[in-house]
Structures are given as C-alpha cells and as structure tokens.
Amino acid sequence: MVTTKHTLVALVEDKPGVLNRMASLFRRRNFNIESIAVGHTEQPSLSRMTVVVEGDNAKVEQVRKQLDKVIEVVKIVDITEDEPVARELALLKVKATASTRSEIIQIVDIFRANIVDVSADSLMVEVTGDEEKVDSLLELLRGFGIREIARTGRIALPRGGIAPLLVEEGKKPKQPPKPLPSEAESPPNW
Amino acid sequence: MKKTGAQILCESLIKEGVEVIFGFPGGAVLPLYDAFPQYPQLRHILVRHEQGAAHAADGYARATGKTGVCLATSGPGATNLVTGIANACLDSSPVVAITGQVATPFIGKDAFQEVDITGITLPITKHNHLVLDAKELARVVKEAFYIAQTGRPGPVLIDIPRDVFQQEAEFTYPGKVSLSGYKPTLFGHPSQIKRAAGMINGAEHPVIIAGRGVIISKAFAELRELAEKAQIPVVTTLLGIGCFPEAHVLSFGMLGMHGMAYANKAIDNADVIAAIGMRFDDRATGVVSAFAPQARIVHIDIDPAEIGKNVRVDVPIVGDIKNVLEVLNEQIIPRDHIEWFHQLDQWRREHPAIEIRECEGLLPQYVIRQIYEVTQGDAIIVTGVGQNQMWAAQFFFYDKPNSLISSGGLGTMGFELPAAIGAKVGCPDETVWCIAGDGGFQMTIQELATIAQENIAVKIAIINNGYLGMVRQWQELFYGRRYVHTQLSGPDFVKIAEAYGLAALRVRDKREVTAAIEKAMEHQGPFLIDFIVEPEENVFPIVPPGATLVEALELPRPEIVTPLT
Ligand SMILES: Cc1ncc(C[n+]2csc(CCOP(=O)(O)OP(=O)(O)O)c2C)c(N)n1
Ligand SMILES: [Mg+2]
C-alpha cells in the first residue's frame, strides 16, 4: 500500500469537545495527525478544520467516514486529489548579531517573508507559503541559530470554482442523495 | 410555565414514550429522584449495580425495538455503566444513558464523585452531551432519542449536573430536531441498486449473509422476498439470527467461528454474496484475506463507514435495508439455482452441524434443545457469553425476529441476567429464558434481587459446567490442555436463588430436564434451574483462530495445531 499525505477539510459545529472527538478518533484508528488547523468560517457557529494525515487511500477514506459520523461534523472531504492551494504560516525567532543581521534580512527578502520584531540579539520572521517553502527558509536560517519556531500547520482550499464544503442554509439533501465517495469509488459496471 | 431541570427531564422522557427507567440513585441525581413521584407513569426499576441498568436497557431495546433508558449517579455510578454502554454501542442498540454530574461550579475541580463521563464514553457512544443549562435540556433529550434510534442505532449519554436538575427554565418540548451534521442516508443509490440486481440476477452460486441490520430495519418480509424470488440461501450472523425463519428451506444457519460447516462452505464457494445489515466482524469472517475468495460482494448497510472497512466490496449500497431491498426486489428476476442447492444439500449431509452426541451424562446441548421443545420455540432467549451462548445459538431454532438476545460485538459475560430483565419488562407477555454460564452469571448475580423485588418472571437456566467453559475449550484445543485458572468453584446456585427469594431447582440427570423446564414454565414468577452438565463438553464446529472458515474443526481430536498467541 502506498501511503501519501492527505489533506482533509471539515466543517464542524462550534461546540465544546468537537476537537477532542476528532482527535480521539484519529488516535483510536491508529492515525498520526501531521498537522491540524482550526478557524472560523463565513458562517457563524461553524469552524473549518484542516487535517493533514499520512496513510494509504483506503485507510484515509475509512477515517474520513468515521469522522463523518461525529454528529458535529457537518461535512468532511479529502481534497488531496484537487491539488488545493495549501499554505502555512510560521513565525521564526532567529539569533542575529550586528554582523549577521543584514544577511538574514536578505534571505528573508528573497522568500518574501517579513521581519515582524527586532531586538538587540534576534529577529522575528514571519513567512507564509507551502510547507516546502517554510522548510527551506528554516534550513537557510538554521545556521544563524533558531531560538523558537511557531507553525500553524496547513490550511487549504481547492482551486477554481469548487467549494466542497459549501452548505446552503436550509437546504435539505434530496433523496436519493448523490453517491457517497465510497460508492463513487467502486469499479464501473459489469 | 417554568419547571425544574428534573421535571423537564421527566416530561421529556414521557414525550419520548419512555415507560421504564433502569436506574440506581446517588447524590448527583437526588433532585431527579425527588421528582419521580410526580410522574408515576415513569416506572423506575432499581437495579443492584449500574452495569445491570445499562444491560437491562439494552435488553429492553433489543426485545422491543424501542429505546432503552438507564440512569446512574455521577462518578462510580457513571463508570459502572461503561461496560453496558460499550456493549450497546458495538451491537447497535438504541440506549439513552442518563448520568448525574457534580454541580457546575465544581466541574473540573476533582470534586467528590466527579468523573469526566462524556470524555470516558466518547469512543463508546454514538453521541454524548454534558448539559450546562436547564434551557438546553429538552432539546438535548429530543436529540439524544433521535440519534439513538435513527440511522445505525447506538447509545447516547446525557450528563446532567446536580444544579441543572434544580435550575428552573421554560419548558416546551421541541417538535423536531435539526442537526446539520447528522442526516443518515435512508435510500440507496439507484444505479448501485441496479448494479446489485444485475450481479444477483447473474449469479450461479449466490449467498445472502443477513445481520442485525435486517432486524433493526424490520426488513423481514423484504429479505424473504429477495431470497425466495432469486432462490438464494440465507446465512445469518450471530446477531442476525431470527431475521429469517430458521425453519425456512432457504435458511442455512449461522456463519462464522461456530457457524454451521455448510454455511461456511457455501460462503467459501459463493460467486456473489449479498451482505445485508452486517459488518464482517472477524468472528464471522475467519481470516479476512481468505474470506469468500471467489465472491463479488454487494454490501448493503446504513453506516457508510462499515462499507469497505474489513473486506473489499464490489457494490456498496448505503441506505436503510428495508428501503433498499424494496427497490432491489423489483429488479430481481425470478429464477432457481437447482445445481447450487444440490451442492448445498450435499454439504449439509456431509457436515451435520446440529448433533447431540450419545451420552449418559447431561449434555448442555440437550438442555437447550429441551427448552426449545418445551417452549415450542416461542420464547425470547437471552444468553451469556461463551459456550452457553454458542449452544443457545446452535440448538434452539429461531423463527421470530428478536427471539435471540446476545452480546455479540463486546462478548460481555454478565449480560444475560440484566438483559433478560430488560427483555421481560419490555415484553411481559413473552416467555423469557436466560441461558447463563456459571461464570458469567456470577458477574451480575446481584440482579436476582431486582428480579425478586419487582417479581420479573424470567426463567433462568444456568449451564453449569464448573468452568469458564469457552476459555477452557481454547486451553484444551490450542494450549495443550493446560487449564490455567478456568476451573470455577461456584456457589450453590439453588441456595443463592432461594436466599434471594426465588424458586429454584437443580438438575443433574438428563431424564429430569424436561420436567424441570415444564415446572419452571408453569411457575408464576421467576424460576432458576441449575443444570449440572458435562464439564468438558466442547462447542463444534470451531474455526481455530487464524484459520479460514472452511478449516473448522468439527470433531474432537486429541492433539491439535500449534499453540496460538
Ligand atoms: C467480562 C468478560 N470477561 C472475560 C471474558 C472472556 N471469556 C469469554 S467466554 C469466557 C468463559 C465464560 O464462562 P461461563 O460464563 O461459565 O460460560 P461457558 O463458556 O462455560 O458456557 C470468558 C472468561 C468475557 N467474554 N467477558
Ligand atoms: Mg461455565
């Protein structure tokens, strides 16, 4: 089985314990969460969660379906195939002396990152981008001495017009519904 | 009008049609107990251990199809429910568990009798909820019942702090629920159903495997129509027993570890399997990689997460069984499978599974068979876990839905007695026989007091083999006959029963079995029979762990296979 990184995005009700329910499911089904990011959405009372997990397709699909059973999860989709735009924000505190400061600033500029705080012996750098970009900046700055790092983990949106998590207010799912991903996945007719 | 949280809860339960609560009081639920006398229509049955309350609610739910309710106080009361909740969860039984919690200002302070029961039960409930305001209570109760009994049923726990019971709030019971994240798929996808029909119509060696989903969905007529129209043998899971009459010519018994050899053989040779309302549990499939090697599988289940979880599926259909089968049956072309049945009958002759061997002593299988004969099959059988459970499944014949109540997924010893209480309370006009192991019976034996106090007329048959029989059997077959800590010196169950105020008898001789069972049946009220059976009788067939379904052992052999882990 090939394991790859999957990006799952979920729309969840803003209720106490939701994060706990989801995290506990990952643990129970033996999955490591690589990153998880939660924030508000355009709809009040709903949050959006982006979870990155590693696993083979069948296992990730099984976890997705289990997560979908959590009552507060309104919708959850695996958007990996959609090649979404994925971003992460990182804050890095780098050691800086009079002699290294300008070199650091140059590197930061190349990455279109920002210096957001300056002190006598350090700089704080803010960078956004995909994980590789954050990783490479980190690599380059490591030589100067990294004091502290804070990364948000991935957030992602599919490209183009599709909005897989869009739920229209007051609209009931028609019966019979469209095939679930698990149904759509199965082989074609005999 | 304003009411207290306790009153709101009681009135909400009444609105949900609750008739009986299995419970046990304590500090955190005292305000609720204090309100009970205002609601005489809510019958409260005082159990002797909260595990009993949860199993009784579960047994009630399985026997009636309604949602069972259990109640416990905070802390130890709540944790005592845990086994029963997990049991209900694995067997998809609709149960609403209500727990008291410490008053809201104390939550999180490790207060007296505080446990995080919503945290503890998170992985073993379908949903749970800590109510922090009496205003929420009616809605939460409404949602709890809705979630517990719709879709794939399961337990829902409501945790209510003591001060919320006392808090006053306006009471209006909501007419409907709105849960944007919970909308079970009830109707199968038409094109998948069409593909399933095509596959079934074209099958030469089809088999139906029917599970508890058929019972939950009440799809008995539809299942029967499918089987008869397409002439397909029906095999059931343990929990599916009763969803298809075992007297029917198309019935091929139970599959799995202790299933009929011919049922397992049929599956092994099937070219198309219609798996209906079952979840391919490892006790049913044997080694899963070798399960039904030649078959294409149609899997119909209301829970999308079950599809593709354990076995590869060719046609997945998510929906309520009854709805799906209604549509599917229209597309089934009547036909027969004469050759296939010829073959099946031959296997049936070669592997007679239901056999009671010649024996001077009292055989457990004979006890079960006599209960069948005396009741003429018209009874609800509630089993323990272990050998007694498998014999009850094999040697009683079930023609009615919900006539076998057994702990399948969790395999909980001690389920039998409290679950039988629940079944009898839910179906007072039915004969309820509790088939208990001498080991499991001692795990919830205290519920004899509940039976006596409420005069619950369950009939109890202890299959007393002096062993944790099923474990002993494994030690015999797979661990070189080393019986390590499986021999039991039980108490005198007749004296115990009498001490609790129950009528009881002991039977050692097979010639006394029938009369004893008849006596128990004639007796008004509860009755216990302690059947002292052959101690080392084994359950056959048995598919050894790690083996495939067709590698079942059918006859006792002296030395068998390698030790297992
Ligand atoms: C609570 C619990 N503990 C342990 C087990 C493991 N177990 C399965 S069957 C069995 C033996 C049951 O003995 P008994 O109740 O006497 O039934 P018998 O098999 O003898 O009919 C045991 C210990 C279990 N299923 N449940
Ligand atoms: Mg025993």
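Computed quantities for the displayed model
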| quantity | calculated |
| --- | --- |
| Set B:Glu512, B:Glu534: member being within 12 Å of ligand 2 (Cβ to nearest atom) and under 22 Å from B:Glu358 (Cβ atoms) | B:Glu534 |
| Wholly enclosed helices (runs of 4 or more DSSP H) of the range B:426-491 bearing at least 1 residues away from every other protein chain (no Cβ under 14 Å) and within 16 Å of ligand 2 (Cβ to nearest atom) | B:438-441, B:469-478 |
| Looking only at the range A:30-41, and only at residues there that are at pLDDT below 90 and surrounded by fewer than 15 Cβ atoms within 10 Å (Cβ to Cβ), the one that is farthest from the other protein chains (Cβ to nearest Cβ) | A:Asn32 |
| Output for the range A:49-70, where each listed residue is of a type in the set (A, V, I, L, M) and either under 20 Å from A:Ala86 (Cα atoms) or part of a strand (DSSP E or B) (or both) | A:Met49, A:Val51, A:Val52, A:Val53, A:Val60 |
| Single residue of the range B:457-507 satisfying the filter (near ligand 1 (Cβ under 10 Å from one of its atoms) and hydroxyl-bearing (Ser, Thr, Tyr)) that is nearest to B:Gln446 (Cα to Cα) | B:Tyr467 |
| Any chance B:Arg152 is without any contact (Cβ under 8 Å) to a residue 40 or more places away in the chain and surrounded by fewer than 23 Cβ atoms within 10 Å (Cβ to Cβ) | no |
| Entirely in the range B:32-140, the strands (runs of 3 or more DSSP E) that have 1 or more residues that are of a type in the set (S, T, N, Q) | B:95-101, B:127-130 |
| Cβ pairs under 8 Å, 6+ apart, first in the range B:489-507 and within 8 Å of B:Asp530 (Cβ to Cβ), second acidic (Asp, Glu) and in a helix (DSSP H, G or I) | B:Phe493/B:Asp438; B:Ala504/B:Glu498 |
| Residue in the range B:69-93 that is farthest from the chain's Cα centre (by Cα), counting only those that are more than 20 Å from B:Arg212 (Cβ to Cβ) and surrounded by fewer than 24 Cβ atoms within 10 Å (Cβ to Cβ) | B:Gly75 |
| Residue in the range B:187-196 that is facing chain A (nearest Cβ under 9 Å), in contact with an Asp or Glu (Cβ under 8 Å, 6 or more places away or on another chain), outside any loop (DSSP other than H, G, I, E, B) and of a type in the set (S, T, N, Q) present | yes |
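The values are calculated or read from the model by the stated rules, or taken from the named source; none is laboratory data. On a predicted model such as this, the values are computed, not experimentally measured, just so you know. In this analysis, Cβ positions are derived from the backbone assuming ideal geometry, glycine residues included, and neighbour counts consider all displayed protein chains.
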